[in-house]
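The values are calculated or read from the model by the stated rules, or taken from the named source; none is laboratory data. These numbers come from a predicted model, not from an experiment. Cβ atoms come from the backbone with ideal geometry, glycine included; neighbour counts cover every protein chain shown.
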Amino acid sequence: MNNITELFKKSVRVVNSCENSIQLIGGINYCHIFKNYCDKMGMEPLLTKIYYDRLIDIANDKINELN
């Protein structure tokens with residue numbers, strides 16, 4: 001799986017599946033892994049940044065939802 005869109009969708013599923021703050025820490029870590037993997041694989045930097053920023057927004061929304 002090295003299509004950036006599929007990786008993004010998987011990351012969104014990981015974050016959205018978190019049911020508590022402990023799981024969300026892992027979900028946020030997955031977001032960082034997404035960015036590191038995309039950078040390492042030489043994927044388009046601008047698209048990587050856009051997707052990563054969106055993942056962080058989704059994680060922040062999930063934090064607010066859980067609190």
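Pairing each residue of segment 21-33 that is among the small types (Gly, Ala, Ser) with any residue that is surrounded by 19 or more Cβ atoms within 10 Å (Cβ to Cβ) and not in a helix (DSSP H, G or I), provided the two are 6+ apart or on different chains, yields C-beta distances under 6 Å for Gly27/Cys18. On the basis of being at pLDDT below 95, at negative phi and surrounded by 11 or more Cβ atoms within 10 Å (Cβ to Cβ), does Ser11 make the cut? Judged against the criteria, Ser11 is not a match. Taking the criterion of being aromatic (Phe, Trp, Tyr) and under 8 Å from the mean Cα position of the chain (by Cα), the residues of segment 11-50 that qualify are Tyr30, Phe34.
Scanning segment 37-49 for residues that are of a type outside the set (D, E, K, R), surrounded by 12 or more Cβ atoms within 10 Å (Cβ to Cβ) and in a helix (DSSP H, G or I) returns Tyr37, Cys38, Leu47, Thr48. List the residue pairs whose Cβ atoms are under 9 Å apart, where the first residue sits in segment 40-52 and is more than 14 Å from Ser11 (Cβ to Cβ), the second is acidic (Asp, Glu) and surrounded by 11 or more Cβ atoms within 10 Å (Cβ to Cβ), and the two are 6 or more positions apart or on different chains. Matching pairs, first to second residue: Pro45/Asp39.
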